[in-house]
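The values are calculated or read from the model by the stated rules, or taken from the named source; none is laboratory data. The structure displayed is predicted, hence computed values, not measured ones. No Cβ is skipped: glycine too gets one built from the backbone with ideal geometry, and neighbour counts run over all protein chains shown. What goes into the accessible areas is simple: the full protein's heavy atoms, side chains included, and nothing from ligands, DNA or RNA. Shrake-Rupley method; radii C 1.70, N 1.55, O 1.52, S 1.80 Å.
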Amino acid sequence: MSGTPAAGATPPVNPNAPVPNIMANHAERPGKFSGLNFKRWQQKMLFYLTTLNLARFLTETAPIIGEGQADAQSVNAMDAWKHSEFLCCNYVLNGLTDALYNVYCKVTTAKELWESLERKYKTEDAGTKKHVVAKFLEYKMVDSKSVMSQVQDLQVIIHDNNAEGMDLNESFQVASMVEKLPPGWIDFKNYLKHKRKEMSVEELVVCLRIEEDNRMSLKKGSEVESSKVHMVEAGQTSKSKSKGPHKGK
């Protein structure tokens, strides 16, 4: 038959045909959105819907069947489109907390729901830029905590800055980390400041880790020596006390 594709040939693709809903086992459903960190949740939800072949319904509207085109094939295609769009809309709704679900459950299409969430929460995310900048500027390391754990905290803040479109170049990141070292590291801070060779963030982190390990080793060694001294002094004291009564007799 002329309409049958040859064996091994790729069948023609209808660009207007609805994409089948294929569940991807490797995709994790995003956590519930409660109104915070919208951009992060949106990216996770978009990826999740993409693995389900449903992301297109966030931006597309229902196709229109013109007069005289309402044949069985067009009607079936429209029904399939509505079904997939319904799934997409409810996947997004189920990604909201109960309080937000009650607010947006009346929205009828996935596209309208997606755009409503963007209008509401992307504008509120604009205020997070000031918060992230203030958090970075105010962050100071302290001697009572591990320097490496505080470096990791600072790297998370820097990552948040970059995520908000305020990229910090590597030289600035290195200088900031050095400047924010705790008071007990003043000598090492001055040593790093006077180094002529520029360091990468990775090189600085390695350098700080080695320095902190050395400090921990010295501290443990001094504690062991101190305990030995106390033991010797305690032994000498006990001996002198035991000799005391004999001398008296």
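May I ask you to verify whether Ala77 is modelled with pLDDT under 95, in a loop (DSSP other than H, G, I, E, B) and either more than 30 Å from Asn162 (Cα to Cα) or of a type in the set (A, V, I, L, M) (or both)?
Answer is no for this residue.
Can you pull out every residue in the range 137-175 that is over 23 Å from Lys195 (Cβ atoms), hydrophobic (A, V, I, L, M, F, W, C) and in contact with a helix residue (DSSP H, G or I) (Cβ under 9 Å, 6 or more places away or on another chain)?
Matches in the range 137-175: Val142, Ile157, Ala163, Met166.
Considering each of Val178, Val174, Val107, Val142 in turn, give the residue that is in a loop (DSSP other than H, G, I, E, B) and in contact with a Leu (Cβ under 8 Å, 6 or more places away or on another chain).
Going through Val178, Val174, Val107, Val142 in turn, just one is in a loop (DSSP other than H, G, I, E, B) and in contact with a Leu (Cβ under 8 Å, 6 or more places away or on another chain): Val107.
Looking only at residues in the range 84-125 that are open to solvent by 60 Å² or more (accessible area, probe 1.4 Å) and among the aliphatic types (A, V, I, L, M), which one is nearest to the chain's Cα centre (by Cα)?
Ala99
I'm trying to understand the selection: among the residues of the range 134-147, which are surrounded by 14 or more Cβ atoms within 10 Å (Cβ to Cβ) and not hydroxyl-bearing (Ser, Thr, Tyr)?
Matches in the range 134-147: Lys135, Phe136, Met141, Val147.
Residues that are of a type in the set (Ser, Thr, Tyr), without any contact (Cβ under 8 Å) to a residue 24 or more places away in the chain, closer than 20 Å to Glu212 by Cβ and open to solvent by 60 Å² or more (accessible area, probe 1.4 Å): does the range 183-192 have at least one?
yes
Rundown of residues vs (1) touching a Phe, Trp or Tyr at 6+ places or on another chain (Cβ under 9 Å); (2) closer than 30 Å to Leu100 by Cα, yes/no style:
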| residue | (1), (2) |
| --- | --- |
| Ala134 | no, yes |
| Val151 | no, no |
| Val174 | no, no |
| Pro183 | no, no |
| Ile186 | no, no |
| Leu208 | yes, no |
